[in-house]
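The next block holds one structure in the form of structure tokens; read it before the comments.
The values are calculated or read from the model by the stated rules, or taken from the named source; none is laboratory data. This structure is a prediction, so every number in the text was calculated from the model and none was measured. FYI the Cβ positions are ideal-geometry reconstructions off the backbone, even for glycines, and counts take in every protein chain you see. Surface accessibility is based on the protein's heavy atoms, side chains included, excluding ligands, DNA and RNA. Shrake-Rupley method; radii C 1.70, N 1.55, O 1.52, S 1.80 Å.
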Amino acid sequence: MKSEERPALFLVDASHHLYRAYFAIRRLTNSKGFSTNAIYGFVTMLNRLLEAHRPSYLACCFDRAEKTFRHEMFEDYKAGRDEMPDDLVPQIPYVKHVCEARRIPVLEREGFEADDIMGTLAVRAAADGYDVVLVTNDKDLFQLVRSNVRVLYIDRQEGERFLDEAGVEEMFGVRPAQVVDVLALWGDPTDNIPGVPGIGEKGAKQIIHRCGSLEEAIRQSDVLAEKRYRGKITEHVDEARLSKTLATVRTDVDVPWSPEKLRVREPDVETLRALYEELEFQKFLEKLPQQTGGVPAPAAASGKETVPIAADEPPRTLDAKALGALLKDAEARGQIGISPHPAAGGATASPRELIFAVDDGAAYSLALDEAESAECAAAFLENPDVLKTTHDVKRLLLFFPSLSPPFADTMLAAYVLDPEEGAYDVETLARRRLGREIAMPKRPSRRGLYEEAEEDNSGTALCARALVPLWEELKKGLAQQPLLESLYETLELPLTRVLAAMERHGVLLDAERLGELGRELGGELQTLGAEIFDMAGEEFNLNSPRQLAKILYEKLSLPVLKKTAKTKAASTGTEVLELLVAEHPIAQKILDYRQKTKLKSTYVDALPRLAHPQTGRVHTSYNQCVAATGRLSSSEPNLQNIPIRTAEGRRIREAFVAPEGWRLVSADYSQIELRILAHLSGDAVLAKAFERGEDVHERTAVEILGAQPGEVAPDLRRRAKTVNFGVIYGMSAYGLAKQVGVEMGEAASMIRAYFERYAGVAELREEVLKAARETGVVHTLFGRVRRIPEIRNRNRVVREAAERAAFNTPIQGSAADLMKRAMLKVFEAFEARDDAHLIMQVHDELVLEARENAAEGVAQEVKELMEEAFALNVPLAVDTKISRSWM
């Protein structure tokens with residue numbers, strides 16, 4: 001990419017790439033627990049840079065911890081920015097050590113930022129005839145681009161892109177020299193550069209594109225084409241000029257320009273080897289030469305080859321005979337990796353082929369378009385002598401219910417080991433767990449299902465090749481934590497069969513009923529719209545915040561209670577409208593309009609499109625690897641969000657029905673989280689209330705709010721319920737006050753009174769938080785572990801959020817685990833019967849489809865199974881209902 005005549009100098013924005021690496025790769029540590037994610041990501045970037053571009057000259061530029069000259073100019077510069085994460089701080093010296101071992105200069109200057117060092121060297125080098133490449137994605141550095149200074153922009157999905165002057169204008173919308181003028185108007189929330197209030201990114205670019213510069217925009221402020229911006233710049237001219245100065249990259253830093261000191265040299269291999277061994281970067285160790293003479297190092301001690309990274313190596317096609325040979329090979333080895341293709345799609349999208357890999361070498365494809373092949377696949381999957389390893393085993397179970405143990409699920413195992421990670425696709429896990437790169441054709445989704453071209457099975461083949469070595473690594477992690485190993489083997493893995501059966505069966509949807517409701521809501525929305533226009537005195541776009549704000553605050557002169565954080569415009573959000581209800585009836589009408597619009601678009605109109613065209617059933621997908629607490633979620637549709645509190649919401653639930661001759665049986669745990677709280681805390685007052693079968697919310701109203709026993713008003717019970725659940729979720733006095741409609745002082749008194757009366761709960765909270773601070777983790781009753789590293793964060797807001805999560809997780813997580821145990825018991829009881837099927841799980845509720853003549857017996861049996869799922873110190877209680885619909 002460099003000119004033939006001009007040598008190239010690459011300047012790496014090291015601090016920027018460190019942060020990118022830290023947030024792109026989470027929870028990577030060595031065996032001693034030292035975080036290595038940022039180091040690993042940075043070294044990966046640096047290696048690719050050196051291999052792909054072979055620069056002649058190179059330097060890595062770092063920010064320093066001290067304040068800079070910009071802080072002296074503007075005290076609030078970077079104010080509000082979160083402090084550097086605690087586990088990132090100790091990684092920075094290691095990154096610098098790697099650079100030094102690579103013999104790459106590390107450049108930093110007190111009082112300045114890495115940008116300023118890069119700007120200074122770029123200008124000097126360009127003047128001396130060098131081509132300069134700025135390796136960064138930071139828009140601030142776009143201002144430095146000119147004829148012989150470019151930016152190397154690295155995007156994970158799009159790849160690398162060199163930005164010259166035309167490239168910057170195409171990406172950013174203005175010429176490089178105008179970037180600081182845009183930032184002067186727009187500001188920079190990341191660095192707390194103020195900009196001009198009311199002018200966002202789009203407006204700033206429009207203004208500079210037309211005016212050419214900040215000074216010209218100041219001169220034209222009162223006659224700008226966009227009326228909404230007129231006068232704003234004049235009113236805030238000082239802020240704009242200050243913002244431009246803050247955003248301008250300095251090019252006069254006292255940093256030596258000595259090309260020979262920046263020349264790329266051979267690395268200190270032995271120092272690098274020592275660093276990689278300490279950090280346990282096996283992938284990088286394997287690429288190091290045995291000695292400085294350049295002899296490659298041997299493979300890792302395990303003898304496994306690196307996972308192939310070429311995405312264009314197709315799997316070998318299998319027929320029935322070849323499949324038999326493959327099965328013998330798998331039996332000899334004891335396991336095999338299996339991936340269905342295509343791997344994307346919901347419960348109704350069947351795979352066209354299965355991809356097999358006995359190790360991380362060759363992959364084999366078996367088409368499922370013929371009955372003989374499908375039978376061979378079924379026989380293979382039912383073999384009890386081969387461990388079938390896959391990623392999201394529920395996917396296989398959906399279409400091969402006869403899939404027999406033993407089988408392993410790399411996605412579930414990774415989730416159990418680290419429920420906070422969030423990304424469990426094979427590509428990420430291979431990088432994090434094996435230190436290997438798998439170049440997938442397209443990026444996998446969060447659930448590990450690949451969104452790939454219909455005919456291209458190369459990505460699925462790469463996935464299959466990685467499964468066996470990945471499982472071996474995850475199995476070691478589980479073996480080191482017996483409680484998690486038990487959780488995986490006895491709860492999460494068996495549950496996949498239950499969820500697959502529920503997804504496969506689905507729930508019947510009454511589309512005609514929804515159609516009728518849709519027509520009614522359409523009419524109500526028309527009426528509401530007409531009433532709103534009548535109150536406003538004109539018609540306007542009800543979905544436009546800007547037009548609504550003009551009506552509320554300019555025409556009707558309602559008080560501006562809040563402004564948006566970014567544009568500083570008067571807010572028209574739901575919270576503000578709720579406060580404005582007392583000021584004008586139009587606010588309630590708008591709230592009603594929004595609520596009905598959401599119900600209609602999100603549920604009434606959308607649900608029929610999700611029903612299977614032949615069966616009329618909705619097949620939701622249940623997700624095990626999303627919530628850190630262990631709770632299940634669902635998608636397409638999200639059953640947890642089907643509303644229940646409004647009349648229209650209840651009518652939506654009425655559209656989930658039982659077929660003719662059947663009934664829906666609902667079994668709902670009563671106050672399960674409060675019962676677990678009573679069990680964990682041993683609080684005598686809570687325990688006694690549950691043992692006596694009392695309404696615990698009424699008991700709290702008596703104990704905390706001063707109500708008389710047997711005379712608790714509905715409003716007091718509602719307040720008490722909010723307090724009860726507010727304690728579990730760590731609600732602050734401010735949040736409680738807002739929820740129950742009292743002053744913050746009164747809400748604080750409620751919380752104090754709660755912990756005084758329920759002393760066991762207060763003690764439990766202190767014990768949990770103390771243990772979390774000491775160990776960085778919390779546990780559920782069933783051994784699930786959640787890491788809470790932020791509980792030691794110096795940022796108060798971050799720390800308090802972590803404290804809420806720490807106290808909530810043992811309660812909510814235990815409730816989730818208990819529900820999963822109940823699901824297993826209920827499923828096992830009815831799996832071989834034809835009088836009932838488990839079809840839905842939502843929050844604390846199970847729903848079954850039961851034959852009409854068996855419904856009462858099914859309801860009683862399910863109630864007993866759920867109440868006996870686990871023995872707490874207080875009794876479990878389940879409420880059951882039988883109906884034609886879910887409502």
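Could you please tell me which pairs satisfy a Cβ distance under 8 Å, a separation of 6+ or placement on different chains, a first residue in the stretch 345-356 that is among the small types (G, A, S), and a second residue that is in a loop (DSSP other than H, G, I, E, B) and at pLDDT 60 or above?
G346/H619; G346/E636; A347/G506; A347/H619; A347/T620; A349/P342; S350/L368
Only one residue in V665, V657 is touching a residue at least 40 places away in the same chain (Cβ under 8 Å), over 25 Å from L876 (Cα atoms) and surrounded by 15 or more Cβ atoms within 10 Å (Cβ to Cβ). Which one? Give the steps one after another, and end with the answer.
Details: V665 fails: over 25 Å from L876 (Cα atoms).
After applying the criteria, what remains is V657.
Which ones in the stretch 187-214 are within 18 Å of E235 (Cβ to Cβ), assigned to a loop (DSSP other than H, G, I, E, B) and not β-branched (V, I, T)?
G187, P194, G195, P197, G198, G200
Quick check on my filter: what residues within the stretch 622-653 are surrounded by 20 or more Cβ atoms within 10 Å (Cβ to Cβ) and more than 24 Å from the chain's Cα centre (by Cα)?
Across the stretch 622-653, the qualifying residues are R651, I652.
When the residues of the stretch 777-819 are narrowed to those that are in a helix (DSSP H, G or I) and β-branched (V, I, T), which ends up nearest to L846 (Cα to Cα)?
I811
If we keep just the residues of the stretch 344-378 that are among the aliphatic types (A, V, I, L, M), modelled with pLDDT under 75 and open to solvent by less than 50 Å² (accessible area, probe 1.4 Å), which is farthest from D319 (Cα to Cα)?
Filtering first and then ranking leaves A347.
Please go through the stretch 215-235 and give me each residue that is within 20 Å of P194 (Cβ to Cβ), assigned to a helix (DSSP H, G or I) and out of contact with any Pro (no Cβ under 9 Å at 6 or more places or on another chain), ordered by number.
E215, A217, I218, S221, R228, Y229, I233, T234
So which residues in the stretch 360-410 are under 17 Å from G324 (Cα atoms) and assigned to a loop (DSSP other than H, G, I, E, B), if there are any at all?
Scanning the stretch 360-410 gives A362, A363, L368, E370, E382, N383, P384, D385, V386.
Which residues, taken from the stretch 72-87, are surrounded by 12 or more Cβ atoms within 10 Å (Cβ to Cβ) and within 34 Å of the chain's Cα centre (by Cα)?
Of the residues in the stretch 72-87, the ones surrounded by 12 or more Cβ atoms within 10 Å (Cβ to Cβ) are 74, 77-78, 81, 84-87.
Within the stretch 72-87, Y77, K78, R81, M84, P85, D86, D87 qualify.
Residue-by-condition table, conditions (1) closer than 13 Å to P85 by Cβ; (2) modelled with pLDDT of 85 or more; (3) outside any strand (DSSP E or B):
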{"residue": "E5", "(1), (2), (3)": "no, no, yes"}
{"residue": "F10", "(1), (2), (3)": "no, yes, no"}
{"residue": "Y22", "(1), (2), (3)": "yes, yes, yes"}
{"residue": "S31", "(1), (2), (3)": "no, no, yes"}
{"residue": "Y40", "(1), (2), (3)": "no, yes, yes"}
{"residue": "L46", "(1), (2), (3)": "no, yes, yes"}
{"residue": "L49", "(1), (2), (3)": "no, yes, yes"}
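Restricting attention to the stretch 529-542, does a residue exist that is in contact (Cβ under 8 Å) with a residue 40 or more places away in the chain and not in a helix (DSSP H, G or I)? Please lay out each step first, then the result.
Here is the first cut: in the stretch 529-542, the ones in contact (Cβ under 8 Å) with a residue 40 or more places away in the chain are 529, 531-532, 535-536, 542.
Then drop every residue that is not not in a helix (DSSP H, G or I), which leaves 542.
So far as the stretch 529-542 goes, yes, one or more of its residues are in contact (Cβ under 8 Å) with a residue 40 or more places away in the chain and not in a helix (DSSP H, G or I).
Select from the stretch 212-245 the residues that are surrounded by 13 or more Cβ atoms within 10 Å (Cβ to Cβ) and among the aliphatic types (A, V, I, L, M) and list them in ascending order.
Residues satisfying the conditions are L214, A217, I218, L224, I233, V237, A240, L242.
Residues being of a type in the set (G, A, S), buried (at least 17 other Cβ atoms within 10 Å of the Cβ) and either under 32 Å from the mean Cα position of the chain (by Cα) or closer than 20 Å to Q671 by Cα (or both): count how many of those fall in the stretch 733-768. Reasoning before the result, please.
The initial filter retains those residues of the stretch 733-768 that are of a type in the set (G, A, S), namely 733, 735, 737, 741, 745, 747-749, 753, 759-760, 762.
Pick out the ones that are also buried (at least 17 other Cβ atoms within 10 Å of the Cβ) and you get 733, 737, 747, 760, 762.
Within this subset, residues satisfying the condition of being either under 32 Å from the mean Cα position of the chain (by Cα) or closer than 20 Å to Q671 by Cα (or both) are 733, 737, 760, 762.
Number satisfying all stated conditions: 4.
If you scan the stretch 501-541, which residues turn out to be in contact with a Phe, Trp or Tyr (Cβ under 9 Å, 6 or more places away or on another chain) and under 30 Å from A413 (Cα atoms)?
Answer for the stretch 501-541, where residues must be in contact with a Phe, Trp or Tyr (Cβ under 9 Å, 6 or more places away or on another chain) and under 30 Å from A413 (Cα atoms): A501, M502, E503, R504, V507.
Tally time: how many residues in the stretch 88-132 are within 27 Å of K78 (Cα to Cα), open to solvent by less than 10 Å² (accessible area, probe 1.4 Å) and part of a strand (DSSP E or B)? Step through it out loud before you land on a result.
At the first step, the residues of the stretch 88-132 found to be within 27 Å of K78 (Cα to Cα) are 88-96, 106-123.
With the extra rule that they be open to solvent by less than 10 Å² (accessible area, probe 1.4 Å), the set shrinks to 88, 91, 95, 114, 116-122.
Okay, now just the ones that are also part of a strand (DSSP E or B), so none.
Final tally of qualifying residues: 0.
Only one of G710, G730 is surrounded by fewer than 19 Cβ atoms within 10 Å (Cβ to Cβ), in contact with a helix residue (DSSP H, G or I) (Cβ under 7 Å, 6 or more places away or on another chain), not in a helix (DSSP H, G or I) and not polar (S, T, N, Q). Can you tell me which?
On the way: G710 fails: in contact with a helix residue (DSSP H, G or I) (Cβ under 7 Å, 6 or more places away or on another chain).
Of G710, G730, the one residue that is surrounded by fewer than 19 Cβ atoms within 10 Å (Cβ to Cβ), in contact with a helix residue (DSSP H, G or I) (Cβ under 7 Å, 6 or more places away or on another chain), not in a helix (DSSP H, G or I) and not polar (S, T, N, Q) is G730.
Does the stretch 589-597 contain at least one residue that is farther than 30 Å from V393 by Cβ, open to solvent by 70 Å² or more (accessible area, probe 1.4 Å) and among the acidic types (D, E)?
There is no residue in the stretch 589-597 that is farther than 30 Å from V393 by Cβ, open to solvent by 70 Å² or more (accessible area, probe 1.4 Å) and among the acidic types (D, E).
Report yes if D76 is modelled with pLDDT of 80 or more, charged (D, E, K, R) and under 23 Å from T248 (Cβ atoms), otherwise no.
Considered against the rule, which asks whether it is modelled with pLDDT of 80 or more, charged (D, E, K, R) and under 23 Å from T248 (Cβ atoms), D76 comes out as no.
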